[in-house]
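Just below is one structure, and these are the notes that go with it.
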Amino acid sequence: MAEKLLFFLFLCLPYFCLASNVTYDHRSLIIDGQRKLLISASIHYPRSVPAMWPGLVATAKEGGLDVIETYVFWNGHELSPGNYYFEGRYDLVKFVKIVQQAGLYLILRIGPFVAAEWNFGGLPVWLHYVPGTVFRTDNEPFKSHMKNFTTLIVNLMKQEKLFASQGGPIILAQIENEYGYVESDYGDGGKAYAMWAANMAVSQDTGVPWIMGQQDDAPDPVINTCNSFYCDQFTPNSANKPKIWTENWPGWFKTFGSRNPHRPPEDVAFSVARFFQKGGSLQNYYVYHGGTNFGRTAGGPFITTSYDYDAPIDEYGLARLPKWSHLKELHKAIKLCEHALLKSEPTVLSLGPLQEAHIYAESSGACAAFIANMDGENDKVVDFQNVSYHLPAWSVSILPDCKNVAYNTAKVGSQTSIVEMVSENLHSSDKSSENLKWDIYMEKAGVWQGADFVMDSLVDHINTTKDSTDYLWYTISVQVDQGEKFLSNGRNPTLMVESKGHALLAFVNQELQASASGSASDIKFKFESPITLEAGKNEIALLSMTVGLQNGEPFYEFVGAGLTSVKIDGFNNGTLDLSSSTWTYKIGLEGEHLNIYKPDGLNNVKWISTSNPPKNQPLTWYKAVVDPPSGGDPVGLDMIHMGKGQAWLNGEPIGRYWPRTSSINDECPSTCNYRGKFNPDKCDTGCGEPTQRWYHVPRSWFRPSGNILVIFEEKGGDPTKISFSRRVVTGLCGLVSEDFPTTDFESWDKNSKYNSEAKPVLRLICPKGTLISSVKFASFGIPSGTCGAYLKGSCDYPNSISVVEKICLNKNKCTVALSGENFGKDICPGLTRKLAVEVACS
Ligand code: GAL
């Protein structure tokens, strides 16, 4: 190991890295003359923090990944024309070098349009306001800016010698993103632009191939690639291009107010195995670690701050088990077949109407086979080369020697971890957060420090703020005559508002009257609400809010937001239409303008100190000195008792919070059936619950003491109930069956030979520094159920608990063989026995 490291260091001392030659043929990428079968992981650098990068990359490497893939986020790098930022979370060079140091390759998806549930799809909002610009079509200002940025990134990588052709890790680069879907919407300009983008990319002369995702007409030598939940059916547009899958979605994203999607590990593994079975050469998980949309980087609109994605590494950086480990085993099994897969053409055998085998046999005698059962309902026993194999529904078995099954995608033998958010006070030294001292500052509803402009109409929100803030005040005063009947008859007038999106608070004379918002499925909204008006002058202040800008679709940059109609009904003369009246506008909040959430702006206002902060108080800034939560576990900020707003720690942007709940009437299945085609609505959880309760606060943002938490609450909440939570693995589950392939790959690793002595085992590993402290459930026999809800079956070894306790208790990890030696003589004759265990870690 040390030798290997030295060798690598020697190869990669600055300027001494050996250049690699990356080309391709119909089968795969070819690196230095060798065909490669590659498994890749998307990790987006600004969705975590530099302190997490080495750990995330190491966890990907341990998971059996060869390549890290990332987009480049233009609007995070070019804050205004020519004003570049490559520090902190945006230190792209540092990220690429961390990948290089880990000995992995990198795919750089420059875009620069990326979609990605990222604000404005990654393109700078200022670019929309460069006169004459239309995004993503044959448009000179757009092309010129896109070319400048692409060249800037390519040159930055070249300067640092990061392309494989220079000895660096970058083996592929991507231009544009899924343009094929929208090309025809742009008429003639679409095709011309796509071809221009490809040529512009190729002319960058990086020495590595370029790819275009979902772009059937990608011209040679650019490789068109596939993005979907399944890509086994995909064929590239030319016989000399390899089959590459740039986005396999192992889960899905969330929007505020929606359910929580999950993609079962069995189905992710099935899709990957099918892809390699059918000649795939490079597969990328989009995303392998999703992370967090910090600050105002979420797109949508309405994308949550969490971009967890049910990915193999969770938002907080912990391996998600069993997904991560089930895929790790899959990667090992595929790698055992790599040689045969790349060196031979397959023979395809039909084994039934929905069953097929691909056999990759080399002349040397080496052989690997993939056997698939595409039946979404029924298991099947198939005969393959005179041996019968049981194939669960919707599964692939991988046979690295064409005889023995190393892996089946539907048999998940690796442990599940039980993860909890363990609450801790903001002030860990105090017993109760209620003793915490808060500083508060209240925003005025409406114009502060003078108006920005006055206009006889309702303006578009985004064209006005240019996304410098989420907030835009629309204010107007309404004169009410003494003679209005509603002043005496108790029947309040009705405020009627229509908005293109995304959310709104309505104040009259500084009092909050109503709040409303659209949703991801319908961004615009309208509402009617009774309001209280007084005789004389009434100040109406409507706070329009964006919740992330749209990140895709043709001409999305022209989609607006904000108010389109404001009326008040109930006057003696009927309805008062204010839509074309004189409105006074103010962009943003005073606290934002004065930077009071940043360390150097904290003192720009006079805060009021109190240990009894106001509750349900709109437009309020809260500030407190907080302690870092104990230990080293990842941290989430629990905002379930707050309304909606944004939070910062030590000036770092935690992001938008909004415990908006999904509808109780949404569908959440009680169990998730992995069989059959997946779609993002198939295995949802969280019906009737807040879409997001906890907000990741990276550990590296904390100092040992004196941490300043700042919150801007828009509509009202209870700050005394805000707490931190540590993300802790408190227990483990595992269920292994006698008919599972052995979980021990050691005998396969060396020479792809099968060791028939090896038997399935159940392995449990608690997090570092913790021990298996109790066995909550153990049954050897025919148990059923899922983690947390296992049930004993009609055959159950009574000694199950004591056997597992003896082997596992007070150990950090243990391995329990499903053997007679452990459990005694067979008391379930004729049955396939299973072992199910749940333990606690502490
Ligand atoms: C793809 C797109 C990605 C991401 C994904 C969904 O269409 O290329 O950037 O948006 O969908 O997560």
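The values are calculated or read from the model by the stated rules, or taken from the named source; none is laboratory data. Note that this is a predicted model, so its numbers are computed, not measured. Cβ coordinates were reconstructed from backbone atoms using ideal geometry, including for glycine residues, and neighbour counts include every protein chain displayed.
Things to note:
- Considering segment 167-185, the residues that are among the polar types (S, T, N, Q) and under 17 Å from Pro554 (Cα atoms) include one that is nearest to the chain's Cα centre (by Cα), namely Asn177.
- Of all residues in segment 270-289, those that are within 16 Å of the ligand (Cβ to nearest atom), of a type in the set (S, T, N, Q) and closer than 19 Å to Leu172 by Cβ total 2.
- Test: residue in segment 168-184 that is part of a loop (DSSP other than H, G, I, E, B), in contact (Cβ under 8 Å) with a residue 40 or more places away in the chain and either on the phi > 0 side of the Ramachandran plot or in contact with a His (Cβ under 8 Å, 6 or more places away or on another chain) (or both): yes
- Val381 outside the structural domain of Lys254 (by TED's automatic domain parsing) and either part of a loop (DSSP other than H, G, I, E, B) or surrounded by fewer than 19 Cβ atoms within 10 Å (Cβ to Cβ) (or both): yes
- Scanning segment 314-321 turns up no residue that is surrounded by fewer than 17 Cβ atoms within 10 Å (Cβ to Cβ), under 23 Å from Lys411 (Cβ atoms) and either within 37 Å of the chain's Cα centre (by Cα) or of a type outside the set (S, T, N, Q) (or both).
- Leading residue by the ranking (surrounded by the most Cβ atoms within 10 Å (Cβ to Cβ)) among those in segment 598-623 that are in contact with a Pro (Cβ under 8 Å, 6 or more places away or on another chain) and not β-branched (Val, Ile, Thr): Tyr622
- Strands (runs of 3 or more DSSP E) lying entirely in segment 563-664 (those with 3 or more residues that are touching a residue at least 40 places away in the same chain (Cβ under 8 Å)): 563-571, 583-587, 608-610, 620-626, 635-638, 645-649, 652-657
- Scanning segment 455-474 for residues that are farther than 27 Å from Trp621 by Cβ and in contact with a strand residue (DSSP E or B) (Cβ under 8 Å, 6 or more places away or on another chain) returns Met455, Asp456, Ser457, Leu458.
- Scope segment 805-825; condition more than 37 Å from the chain's Cα centre (by Cα) and either in a helix (DSSP H, G or I) or among the basic types (Lys, Arg) (or both); matching residues: Glu805, Lys806, Ile807, Gly820, Glu821, Asn822, Phe823, Lys825
- Candidate set: segment 150-178, residues that are over 19 Å from Pro112 (Cβ atoms) and among the hydrophobic types (A, V, I, L, M, F, W, C); chosen: the one nearest to the ligand (Cβ to nearest atom): Ile171
- Pairs are defined by a Cβ separation below 8 Å, a sequence spacing of at least 6 or placement on different chains, a first member in segment 239-255 that is within 10 Å of the ligand (Cβ to nearest atom), and a second member that is acidic (Asp, Glu); the pairs so defined are Thr246/Glu69; Gly251/Asp308; Gly251/Asp310; Trp252/Asp310; Phe253/Glu117.
- Top-ranked residue in segment 73-97 [being under 21 Å from the mean Cα position of the chain (by Cα) and away from the ligand (no atom under 16 Å from the Cβ); ranked as surrounded by the most Cβ atoms within 10 Å (Cβ to Cβ)]: Arg89
- Restricting the first member to segment 677-688 and to residues that are closer than 9 Å to Pro261 by Cα, and the second to residues that are of a type in the set (A, V, I, L, M, F, W, C) and surrounded by 19 or more Cβ atoms within 10 Å (Cβ to Cβ), the beta-carbon pairs closer than 7 Å and six or more apart or on different chains are Pro680/Trp252.
- Summed over segment 98-111, the residues that are more than 16 Å from the ligand (Cβ to nearest atom) and either outside the structural domain of Thr150 (by TED's automatic domain parsing) or within 20 Å of Leu282 (Cβ to Cβ) (or both) give a count of 7.
- Among residues of segment 600-636, those that are under 26 Å from Phe507 (Cβ atoms) and among the charged types (D, E, K, R), counted: 3
- Restricting attention to segment 766-786, the residues that are hydrophobic (A, V, I, L, M, F, W, C), under 20 Å from Val412 (Cβ atoms) and surrounded by fewer than 20 Cβ atoms within 10 Å (Cβ to Cβ) total 1.
- Candidates Pro798, Pro783, filtered to the one that is at pLDDT 95 or above and touching a strand residue (DSSP E or B) at 6+ places or on another chain (Cβ under 8 Å): Pro783
- Test for Asp267: is it away from the ligand (no atom under 16 Å from the Cβ), among the acidic types (Asp, Glu), in the same structural domain as Glu117 (by TED's automatic domain parsing) and touching a residue at least 60 places away in the same chain (Cβ under 8 Å): yes
Matching residues to (1) farther than 30 Å from Tyr90 by Cα; (2) part of a strand (DSSP E or B); (3) hydroxyl-bearing (Ser, Thr, Tyr); (4) at pLDDT below 95:
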position: Tyr286; (1), (2), (3), (4): no, yes, yes, no
position: Leu330; (1), (2), (3), (4): yes, no, no, no
position: Gly365; (1), (2), (3), (4): yes, no, no, yes
position: Glu377; (1), (2), (3), (4): yes, no, no, no
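Residue-wise test of (1) modelled with pLDDT of 95 or more; (2) in contact with a strand residue (DSSP E or B) (Cβ under 7 Å, 6 or more places away or on another chain).
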position: Asn425; (1), (2): no, yes
position: Ser428; (1), (2): no, no
position: Gln449; (1), (2): yes, no
position: Ile476; (1), (2): yes, yes
position: Asp481; (1), (2): yes, no
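- Segment 181-209: number of residues that are away from the ligand (no atom under 16 Å from the Cβ), hydrophobic (A, V, I, L, M, F, W, C) and buried (at least 21 other Cβ atoms within 10 Å of the Cβ): 3
- Pick from segment 469-500, criterion loosely packed, with under 14 Cβ neighbours inside 10 Å and touching a residue at least 24 places away in the same chain (Cβ under 8 Å), ranking: nearest to Lys526 (Cα to Cα): Arg491
- Some residue of segment 317-331 being of a type in the set (Phe, Trp, Tyr) and closer than 16 Å to Pro261 by Cα: no
- Count of segment 768-790 residues which are within 18 Å of Glu738 (Cα to Cα) and not in a loop (DSSP other than H, G, I, E, B): 8
- Residue within segment 112-120 that is of a type in the set (Asp, Glu), modelled with pLDDT of 95 or more and more than 16 Å from the ligand (Cβ to nearest atom) present: no
- Among the residues of segment 121-149, those identified as closer than 21 Å to Ala298 by Cβ, more than 16 Å from the ligand (Cβ to nearest atom) and in contact with a strand residue (DSSP E or B) (Cβ under 7 Å, 6 or more places away or on another chain) are Pro124, Trp126.
- Residue, nearest to the chain's Cα centre (by Cα), within segment 211-222, restricted to residues that are within 15 Å of Leu172 (Cα to Cα) and away from the ligand (no atom under 16 Å from the Cβ): Val222
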